[in-house]
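Colleague: Please see the structure below; I have some questions.
The values are calculated or read from the model by the stated rules, or taken from the named source; none is laboratory data. Keep in mind it's a predicted model, so treat the numbers as computed, not measured. Don't worry about glycine lacking a Cβ; one is built from the backbone with ideal geometry, like all the others, and counts go over all protein chains shown. Just so you know, the surface numbers come from the protein's heavy atoms only, side chains and all, with ligands and any DNA or RNA stripped out. Shrake-Rupley method; radii C 1.70, N 1.55, O 1.52, S 1.80 Å.
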Amino acid sequence: MSQDRHPLFKPLLFVGGIIFGFGLGFSHMARPEVVLNFLTFEDLGLVFVMFGAAVVSGIAFAVLPRIRDRAPLTGDAYERRLKSFDRNVLIGGGIFGVGWGISGICPGAAYASLGVGNITILWALAGMFLGAYLQGYWRSKRADAPTVASGAD
Amino acid sequence: MVTEPVALQVAADLFPNGISRYAVGGLLVGLGTVVIYLGTGISAGASTFLESTLSYVSGQSRFQRYVGSRDWRVVFTLGIVLGGFLFALTVQSGLVSSSLYQAGTTGQLHQLGGFTFWTTNVQPWRLVLGGTLVGIGTRIGKGCTSGHGVCGVGSASKTSIVGVATFLAVAIGTAQIVAALGVTP
């Protein structure tokens, strides 16, 4: 992963985050009720948030590698986001789905939700850190055990 | 023409709040992702922040892989929080209005210093329990709604498309069951 190589590296991540968070607020995806209304088919508008965002990023992911070799602030090559497939994608996706269906909130939307004033979302953020810690603790123990091969991402 | 009013009625049922706020919001989420990708080549996902930030306080070997990226992930996340805050100060507070924005009826609004802030009515136990499972699942499943949903699907990654299909289907089933059990909100 990239190191800080350029004075504008962090400012750009900050600006990108602001646009990202403003969009999550504007779309109401930062509101758990709206996500739950989507999951229960009462308002399907949320499809346009994820689909719209994926189309915009998809254009950039497809076009940029053809017109430039390397990103200016890191010198890294433009690559698509490709992760290896294994059963963790299904297991993790299933656990995430249960959590998303219970709470109506996902990580990025939770950060933005805090920004729109939703201090109640700290419950969810505390849970997310707890969950991330629990799986990290468990996987660290497994990876540190001498007989088990690591390498899962 | 009879079909057109029927089509409009169906659209009104499926999209009671219209689609413009969703589409505009989605375009902005995508734009934020593209700005970062353009400058750095990074496909930024939101859930890695959870593990990378834990590396500041935990020596667990799993978190150490994120030591190199943890600083900028904090910056990215603070940007997301600030972006939501700027939305609250402008559009949510009514100081900036747009025909593309439809205010909702969910949750509760609070007036503070001339600005409008919003809090959820979803019960804390749902947020804690759901949040914990989100923390476990996104990290085991290699991504969340932004990493898989925006960057991965945008990359036409088969792994991400399967990941999104999995968590979306399970979330729909779960939310329907919770609603059927009479839990509200």
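Colleague: Expected output is a single nm value to one decimal: the length gained when fully extending between A:D76 and A:T40, i.e. 0.36 nm times separation in residues minus the C-alpha distance. What is it?
Modeller: Gain on extension, A:D76 to A:T40, equals 8.8 nm.
Colleague: Just reorder A:R87, B:R65 by solvent-accessible area, largest first, 1.4 Å probe, all chains present. It would help to have the intermediate numbers written out before the result.
Modeller: On the way: A:R87 175, B:R65 120 Å².
The ordering from most to least exposed comes out as A:R87, B:R65.
Colleague: Let me ask something else about it. Return one whole number: the accessible area per residue of segment B:2-62 in Å², for a 1.4 Å probe.
Modeller: Solvent-accessible surface per residue comes out at 40 Å².
Colleague: In Å², what does the accessible area per residue of chain A work out to with a 1.4 Å probe?
Modeller: So chain A comes to 44 Å² accessible per residue, rounded to a whole number.
Colleague: Scan around B:T116 for amide H atoms under 5 Å from its own, H built in the peptide plane at 1.01 Å from N, and keep only partners 5 or more places away or cross-chain.
Modeller: B:S93
Colleague: If you don't mind, another one. What shape does segment B:46-171 have by the C-alpha gyration tensor, where a ≥ b ≥ c are the square roots of the eigenvalues, rounded means a/c under 1.5, and otherwise prolate means a/b greater than b/c and oblate the rest?
Modeller: Prolate, since a/c reaches 1.5 and a/b exceeds b/c.
Colleague: Another question, then. How far apart, in nanometres, would the label points at A:R68 and B:Q102 be if each is projected 7 angstrom from Cα along the Cα-to-Cβ direction?
Modeller: Those two pseudo-labels are separated by 3.7 nm.
Colleague: What nm distance separates the two modelled labels at B:L112 and A:L122, each placed 7 Å from Cα along Cα→Cβ?
Modeller: If labels sit at B:L112 and A:L122, their model points lie 1.1 nm apart.
Colleague: Summing -39500 (n - 2.57) over the DSSP H runs of n ≥ 4 in chain B and dividing by its residue number, what mean residue ellipticity at 222 nm do you reach, to the nearest 500 deg cm²/dmol?
Modeller: That calculation yields -18000 deg cm²/dmol at 222 nm.
Colleague: What's the tally of Lys pairs in the protein assembly as shown whose alpha-carbon atoms lie under 19 angstrom apart, where the two lysines are 8 or more places apart or on different chains?
Modeller: 4
Colleague: What do you get for the angle between helix B:20-40 and the principal long axis of chain B? Use alpha-carbon atoms, 0 to 90 degrees, nearest ten.
Modeller: Roughly 20 degrees between the two axes.
Colleague: Report, in debye and to the nearest 20, how large the dipole of segment B:61-185 comes out about its Cα centre when Lys and Arg carry +1 and Asp and Glu carry -1 on their Cβ.
Modeller: In debye, rounded to 20, segment B:61-185 gives about 500.
Colleague: Using alpha-carbon pairs under 8 Å, 6+ residues apart, how would you state the relative contact order of segment A:33-153 in percent?
Modeller: Reported relative contact order: 17 percent.
Colleague: On to the next question. Only helices at least 18 Å long along their own axis, judged from Cα atoms, and with Kyte-Doolittle mean hydropathy of -1.0 or greater: name those in chain A from DSSP H.
Modeller: A:9-27, A:47-67, A:87-103, A:122-144
Colleague: How would A:F9, A:F14 rank on accessible area, largest to smallest, probe 1.4 Å?
Modeller: From most exposed to least exposed: A:F14, A:F9.
Colleague: Give the peptides B:68-77, A:73-82, A:26-35 in descending order of average Cβ contacts within 10 Å, highest first.
Modeller: A:26-35, B:68-77, A:73-82
Colleague: Over chain B, what is the mean sequence separation of C-alpha contacts under 8 Å (at least six apart), divided by residue count, expressed as relative contact order in percent?
Modeller: Values: 122 pairs, mean separation 38.9, N = 185.
So the answer I get is 21 percent.
Colleague: Further question on the same structure: Roughly how many debye, to the nearest 20, is the charge dipole of chain A about its Cα centre, given +1 on each Lys and Arg Cβ, -1 on each Asp and Glu Cβ, and no other charges?
Modeller: Values: 13 positive and 10 negative charges, 83 e Å.
Magnitude of the dipole: close to 400 debye.
Colleague: Send over a whole-number figure in Å² for the accessible area per residue of segment B:114-185, probe 1.4 Å.
Modeller: Here the residues of segment B:114-185 average 33 Å² of exposed surface.
Colleague: Keeping the other protein chains in place, figure out the carbon and sulfur percent of the accessible area of the protein assembly as shown, with a 1.4 Å probe.
Modeller: With neighbouring chains kept in place, the figure for the protein assembly as shown is 68 percent.
Colleague: Next question. Counting Lys and Arg as +1 and Asp and Glu as -1, what is the net charge of the other residues whose Cβ lies under 10 Å from the Cβ of A:A77?
Modeller: Once all neighbours under 10 Å are counted, the net charge is -1.
Colleague: A further question on this structure: So for segment B:1-71, averaging the separation of alpha carbon pairs under 8 Å that are six or more residues apart and normalising by length, what relative contact order in percent results? Intermediate results must be reported in sequence, preceding the final value.
Modeller: Numbers: 25 pairs, mean separation 11.5, N = 71.
Relative contact order for segment B:1-71 comes out at 16 percent.
Colleague: Could you work out how far apart the two model spin labels at B:F15 and B:Q123 are, taking each label as a point 7 Å from the Cα in the direction of the beta carbon, and quote it in nm?
Modeller: Between B:F15 and B:Q123, the simple spin-label model gives 3.4 nm.
Colleague: Here is a further query. Nearest 100 Å² is fine: what is the total accessible surface buried where chains A and B meet, probe 1.4 Å?
Modeller: That pair hides around 10600 Å² of surface in total.
Colleague: Compute the separation of the alpha-carbon centres of segment A:1-50 and segment A:81-153 and state it in Å as a whole number.
Modeller: 17
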